[in-house]
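Some notes on the structure that comes next.
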């Protein structure tokens with residue numbers, strides 16, 4: 001516990017408060033006795049809800065009782081259970097819909113031992129990340145929280161929802177920098193999409209090609225017609241390049257934040273903003289989609305949003321240089337919410 005206390009005076013107020021709150025909860029857990037850790041709750045994709053019955057509901061009632069809710073252990077998922085679930089969700093900042101879905105059940109059933117282990121590991125990582133960052137701009141991307149944070153000096157200046165890589169195409173853990181901002185970017189499918197989507201069986205998928213409005217260029221950058229039977233091997237040998245032109249239908253949207261890394265990971269706008277409303281936002285092939293992309297660009301470029309919008313409206317692909325800003329992607333499962341701790345879903349199963 002000393003590793004947090006000794007660091008608080010070195011950190012910005014926002015970071016110190018987060019660390020202090022998580023550390024307090026960690027200390028509480030050191031003195032918390034495990035109660036019935038073997039009680040498990042299996043759930044359907046949409047979770048348990050009003051009207052459901054069976055052993056899973058009985059187990060849910062028992063767990064809610066252990067959390068201080070006065071419920072009979074036996075019975076169906078009735079109005080009293082729904083009320084208790086809603087109250088619990090509100091405490092943790094989860095949408096209070098009264099349905100015991102994956103995130104709610106994870107927090108209800110996660111063992112004290114695992115909570116301790118998650119917090120101990122995360123607090124150490126937080127110390128390493130925030131130490132020395134208190135006097136400069138930097139960006140923190142927390143993958144399982146689906147959030148981006150922009151810090152400047154002692155202040156959190158921006159928080160945005162993000163979309164990250166799905167479990168079979170995870171977003172990499174990076175310690176990198178923003179190299180440039182690209183307005184109206186074109187899209188070149190990265191290696192993963194090239195091999196798994198455009199050439200899923202080694203041969204081109206013309207439906208994918210047409211759906212994404214791709215165009216092809218030879219090694220001399222001349223546009224070419226793509227053969228219906230071209231293979232991935234042939235495309236590589238001929239150095240064919242596949243690109244989607246810039247525009248509102250481009251999957252990168254209107255802005256791309258180029259990052260320095262060998263994983264071909266970058267941050268960008270999107271042409272599917274409705275996905276930001278989802279609770280589970282692991283939809284991408286590894287890159288990071290940013291809901292507040294204009295606000296982020298304004299901060300990164302130190303320009304008013306209105307100026308950036310005017311640049312976008314030129315409908316030209318423009319590369320804007322930036323002062324390199326550190327970007328760190330992390331995998332932190334614990335978040336301080338309402339003087340309690342929300343444990344996010346382990347979407348990549350890293351914390352076994």
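Values quoted throughout were computed directly from the atomic coordinates according to the rules given, and no laboratory measurement underlies them. Being a predicted model, the structure only gives us computed values, none of them experimental. All Cβ positions, glycine included, derive from the backbone under ideal geometry; neighbour counts span all protein chains shown.
How high is the relative contact order of the chain, in percent, with contacts defined as C-alpha pairs under 8 Å that are six or more residues apart?
22 percent
Expressed as an acute angle from 0 to 90° and rounded to the nearest 10, what is the orientation of the C-alpha long axis of helix 79-91 relative to the principal long axis of the chain?
60 degrees
Report the relative contact order of region 188-243, percent, no decimals, based on alpha-carbon pairs under 8 angstrom and at least 6 residues apart.
Across region 188-243, relative contact order equals 41 percent.
With a ≥ b ≥ c the root eigenvalues of the C-alpha gyration tensor of region 188-243, is it rounded (a/c under 1.5), prolate (a/b larger than b/c) or oblate?
The shape class here is rounded.
Could you tell me how many degrees, from 0 to 90 and to the nearest 10, lie between the Cα long axis of helix 112-130 and the main elongation axis, the longest principal axis, of the Cα atoms of the chain?
Approximately 50 degrees, to the nearest 10.
Using 0.36 nm per residue of separation minus the Cα-Cα distance, give me the extension gain between residue 69 and residue 90 in nm, one decimal.
6.1 nm
Can you give me the angle between helix 13-30 and the longest principal axis of the chain, using Cα atoms only, in degrees from 0 to 90, rounded to the nearest 10?
Compared with the principal axis, the helix lies near 40 degrees.
I'd like to compare 340-348, 233-241: which one has the highest average count of other Cβ atoms within 10 Å, and what's the full order after that?
Top to bottom by mean Cβ count within 10 Å: 340-348, 233-241.
To the nearest 500 deg cm²/dmol, what mean residue ellipticity at 222 nm is calculated for the chain from DSSP H runs of n ≥ 4 alone, each contributing -39,500 (n - 2.57), summed and divided by the residues?
-8500 deg cm²/dmol
Want the number for residue 305 to residue 186: 0.36 nm per residue separation, take away the alpha-carbon distance, what's left?
Value of the extension gain: 40.7 nm.
If packing is taken as the average count of other Cβ atoms within 10 Å, what order do 215-226, 169-180 fall into, highest mean first?
Answer by packing, highest mean first, reads 169-180, 215-226.
Compute from the Cα atoms of the chain the Rg and the Dmax, the latter being the longest Cα-Cα distance, and quote both in angstrom.
Both quantities, over Cα of the chain: 23.5, 74 Å.
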